[in-house]
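Asks: Quick one: the structure is below, questions incoming.
The values are calculated or read from the model by the stated rules, or taken from the named source; none is laboratory data. For clarity, every value in this text was computed on a predicted model and none was experimentally measured. Positions of Cβ are generated from backbone atoms using ideal geometry, with glycine treated the same way; all protein chains shown enter the neighbour counts.
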Amino acid sequence: MSESGLMWIEKYRPKTLDEVVNQKETIDGIKSLLRTPETMPHFLFAGPPGTGKSTVALCIARQLMGESFRKLVLELNASDERGIGVVRERIKGFSQIIQSAPSGVQFGLVILDESDEMTKDAQTALRRIMETASRTCRFILICNYQSGIIEPIQSRCSVFRFKQLDEAEASTYLSRICKAEKVEADQKALARILELSDGDLRRAVNFLQVAATSSKGGHLQLSNLKEFLPEAQSELVRSMLKLAVNGDFLKARDVMYELMGKYGVSGREIIRTANREIGRIPELNERQASIVRTLGEYDFRLTQGANEDIQLSAMIAQLAEIGRK
């Protein structure tokens, strides 16, 4: 596919470590370990979404394996393939094939995204495979929460933490995309896009593409954004919180169903948005600590595979209890 047909997040994804935005200390540490590729350790990348973890893993793969790196790399998404069977069959089978790359390394590379979503049994199996396959395979594990990875795996990896992006550097990156795409963007519009993306550069680039390609005359202004960005979702989450704490369980649950049905927002995303929005509702300040504890409890339940509908309904009921107290 030509570059003109790519989504912007792929078209402008950094190809080398030097192009990665706003992770200088992390990149410097990784570069120092890649000076002798044959002794490269397993890596564990942890940090918020959209901060460059997957991009850096692909940059490493390209640097070690050359432009044909995809033939020498096994990419898995652990949130989709969580079971012990995947670990034992696909990863173990791949690790048993001795690879040869242009850089001279004699190993294959496994990139395991969202690895904190793997079951504990799968992680235990993975730990054993990492032990036995280290001569023919290296692992790059990517996660949002380092605490979701069992300690025996952490101890076998060089751990790098990715931070949320600096607004100035992220704005410069978006401006560079606008220039390449011949989009005249107002700086206030870019600042609002970054604010709504909450430090997630991938989300910011997606927002920018949607807004820019839909704006008239290739001119993107702040007034154009409401139609394309999810401000309505944040307003609905604030409404849900207010209704729940005021004791109107049924109306709050209706808003929750609207978010999930009309807007396609997942349960965990509703909880994350609620956690961000709670500080913007002054009348709930006195109850904020109790509300945040409740949000944390139900977020954890959803990570364990509980039913979204039932758990969010129970969460709203508990918020109503907090309001009555």
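Asks: Look through the range 149-170, keep the residues that are at pLDDT 90 or above and either in contact with a Cys (Cβ under 7 Å, 6 or more places away or on another chain) or not hydrophobic (A, V, I, L, M, F, W, C) (or both), and return whichever of them is surrounded by the most Cβ atoms within 10 Å (Cβ to Cβ).
Replies: ILE149
Asks: Still on this model: Would you check which residues across the range 257-269 are touching a helix residue (DSSP H, G or I) at 6+ places or on another chain (Cβ under 6 Å) and among the aliphatic types (A, V, I, L, M) and list them?
Replies: Matches in the range 257-269: LEU259, VAL265.
Asks: Moving on. Looking at CYS143 and the list (1) surrounded by 14 or more Cβ atoms within 10 Å (Cβ to Cβ); (2) modelled with pLDDT under 85; (3) among the hydrophobic types (A, V, I, L, M, F, W, C), which single condition is not satisfied?
Replies: (2)
Asks: Run down ALA57, ALA78 and say which single residue is in contact with a helix residue (DSSP H, G or I) (Cβ under 8 Å, 6 or more places away or on another chain) and under 28 Å from GLY305 (Cα atoms).
Replies: From the options ALA57, ALA78, the qualifying one is ALA78.
Asks: Can you find, within the range 131-140, the residue that is surrounded by the most Cβ atoms within 10 Å (Cβ to Cβ) among those that are closer than 16 Å to LEU44 by Cβ and charged (D, E, K, R)? Break it down stepwise before answering.
Replies: First pass over the range 131-140, keeping only residues closer than 16 Å to LEU44 by Cβ: 131, 134, 137-140.
With the extra rule that they be charged (D, E, K, R), the set shrinks to 131, 138.
Details: GLU131: 10, ARG138: 23.
Residue satisfying both the conditions and the ranking: ARG138.
Asks: When you go through ARG276, ARG238 one by one, which is the residue that is surrounded by 15 or more Cβ atoms within 10 Å (Cβ to Cβ), in contact (Cβ under 8 Å) with a residue 12 or more places away in the chain and outside the structural domain of ASN144 (by TED's automatic domain parsing)? Break it down stepwise before answering.
Replies: Details: ARG276 fails: surrounded by 15 or more Cβ atoms within 10 Å (Cβ to Cβ).
Result: ARG238 is the single residue among ARG276, ARG238 that is surrounded by 15 or more Cβ atoms within 10 Å (Cβ to Cβ), in contact (Cβ under 8 Å) with a residue 12 or more places away in the chain and outside the structural domain of ASN144 (by TED's automatic domain parsing).
Asks: Would you mind stating whether ARG128 is surrounded by fewer than 18 Cβ atoms within 10 Å (Cβ to Cβ), at pLDDT 85 or above, among the basic types (Lys, Arg) and farther than 27 Å from SER197 by Cβ? Steps first, answer last, please.
Replies: On the way: surrounded by fewer than 18 Cβ atoms within 10 Å (Cβ to Cβ): yes; at pLDDT 85 or above: yes; among the basic types (Lys, Arg): yes; farther than 27 Å from SER197 by Cβ: yes.
Yes.
Asks: Every residue in the range 250-278 that is over 15 Å from GLU235 (Cβ atoms), hydroxyl-bearing (Ser, Thr, Tyr) and not in a helix (DSSP H, G or I), please.
Replies: SER266
Asks: Moving to a separate point now. Could you please find all residues in the range 151-197 being within 30 Å of LYS120 (Cα to Cα), outside any helix (DSSP H, G or I) and either under 22 Å from the mean Cα position of the chain (by Cα) or free of Cβ contacts under 8 Å to residues at least 24 places away in the same chain (or both)?
Replies: SER155, CYS157, SER158, VAL159, PHE160, ARG161, PHE162, LYS163, GLN164
Asks: Okay, moving on. Return the pairs, sorted by first residue and then second, in which the second residue is among the acidic types (Asp, Glu), the first residue lies in the range 13-32 and is touching a residue at least 60 places away in the same chain (Cβ under 8 Å), the beta carbons are less than 7 Å apart, and the residues are 6+ apart or on different chains.
Replies: Listed pairs, sorted by first residue: VAL21/GLU169; ASN22/ASP166; ASN22/GLU169.
Asks: Could you tell me whether the range 60-79 includes any residue that is at pLDDT 90 or above, out of contact with any strand residue (DSSP E or B) (no Cβ under 8 Å at 6 or more places or on another chain) and surrounded by 15 or more Cβ atoms within 10 Å (Cβ to Cβ)?
Replies: Yes; the residues of the range 60-79 include at least one that is at pLDDT 90 or above, out of contact with any strand residue (DSSP E or B) (no Cβ under 8 Å at 6 or more places or on another chain) and surrounded by 15 or more Cβ atoms within 10 Å (Cβ to Cβ).
Asks: Ok, one more. So in the range 10-42, with the set limited to residues that are among the aliphatic types (A, V, I, L, M) and assigned to a loop (DSSP other than H, G, I, E, B), which one is farthest from PHE69 (Cα to Cα)?
Replies: Filtering first and then ranking leaves VAL21.
Asks: Out of the residues in the range 297-325 meeting the condition of being under 19 Å from the mean Cα position of the chain (by Cα) and touching a residue at least 12 places away in the same chain (Cβ under 8 Å), tell me which one is nearest to GLU195 (Cα to Cα).
Replies: Filtering first and then ranking leaves ASP299.
Asks: Moving on. With the requirement that a residue be of a type in the set (A, V, I, L, M), out of contact with any Asp or Glu (no Cβ under 7 Å at 6 or more places or on another chain) and not in a strand (DSSP E or B), what does the range 138-150 give you?
Replies: Hit for the range 138-150 is ILE150, nothing else.
Asks: Would you please name the residue that is surrounded by the most Cβ atoms within 10 Å (Cβ to Cβ), looking only at residues in the range 36-59 that are touching a residue at least 24 places away in the same chain (Cβ under 8 Å) and of a type in the set (Ser, Thr, Tyr)?
Replies: If we filter the range 36-59 for residues that are touching a residue at least 24 places away in the same chain (Cβ under 8 Å), which is where we start, we get 37-38, 40-59.
Adding the requirement that they be of a type in the set (Ser, Thr, Tyr) leaves 51, 54-55.
Values: THR51: 26, SER54: 20, THR55: 22.
Result: THR51.
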